[in-house]
């Protein structure tokens, strides 16, 4: 994006000036592109895990893990959708533009899936904590 440009020196010879530092908009562009790449990789990984679970018929036995991967896949898809549309500079006019702005550009759908994914972790953590304390008490009472 940045190149060296020749500048005329006082003696009449051309001297190349150093390339200017990347601007804030360049850094933001690189960040958004990196987010899209990470989202694509995450969607591919979660899709592969979901496919493997369905192919081996483990999705009925490991429901919490399957749901977690499904929510993570949805988060990755909405991440790619949101940042891809931000990179394309879509014009927001009319009813469609209003809804795109409300749901996609404001990142509402993305955050709904991220929060849902976080909430899905609570039963698993609660169950582990419960059994850790119950088993600890049970073994103490049997030892005494």
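The values are calculated or read from the model by the stated rules, or taken from the named source; none is laboratory data. Fair warning: this is a prediction, and the values are worked out from it, not measured in the lab. As a convention, Cβ positions derive from the backbone with ideal geometry for all residues, glycine included, and neighbour counts pool all protein chains shown.
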Worksheet item: Within the range 89-96, is there a residue that is in contact (Cβ under 8 Å) with a residue 60 or more places away in the chain and either touching a strand residue (DSSP E or B) at 6+ places or on another chain (Cβ under 6 Å) or in a helix (DSSP H, G or I) (or both)?
Response: no
Item to complete: Answer with yes or no whether residue 73 is touching a residue at least 60 places away in the same chain (Cβ under 8 Å) and under 22 Å from the mean Cα position of the chain (by Cα).
Response: no
Worksheet item: Is there a residue in the range 88-99 that is under 30 Å from residue 26 (Cβ atoms), touching a helix residue (DSSP H, G or I) at 6+ places or on another chain (Cβ under 9 Å), at pLDDT below 90 and surrounded by 12 or more Cβ atoms within 10 Å (Cβ to Cβ)?
Response: yes
Practice prompt. Test each condition in (1) on the phi > 0 side of the Ramachandran plot; (2) modelled with pLDDT of 85 or more; (3) within 21 Å of the chain's Cα centre (by Cα) for residue 107 and report the one that comes out false.
Written response: (2)
Discussion item. I'm checking my understanding of the structure. Among residues of the range 43-67 that are within 18 Å of the chain's Cα centre (by Cα), surrounded by fewer than 19 Cβ atoms within 10 Å (Cβ to Cβ) and touching a residue at least 24 places away in the same chain (Cβ under 8 Å), which one is nearest to residue 29 (Cα to Cα)?
Written reply: 47
Item to complete: Read through the list (1) modelled with pLDDT of 95 or more; (2) more than 26 Å from residue 122 (Cβ to Cβ), then give the number of the only condition that residue 48 fails.
Response: (2)
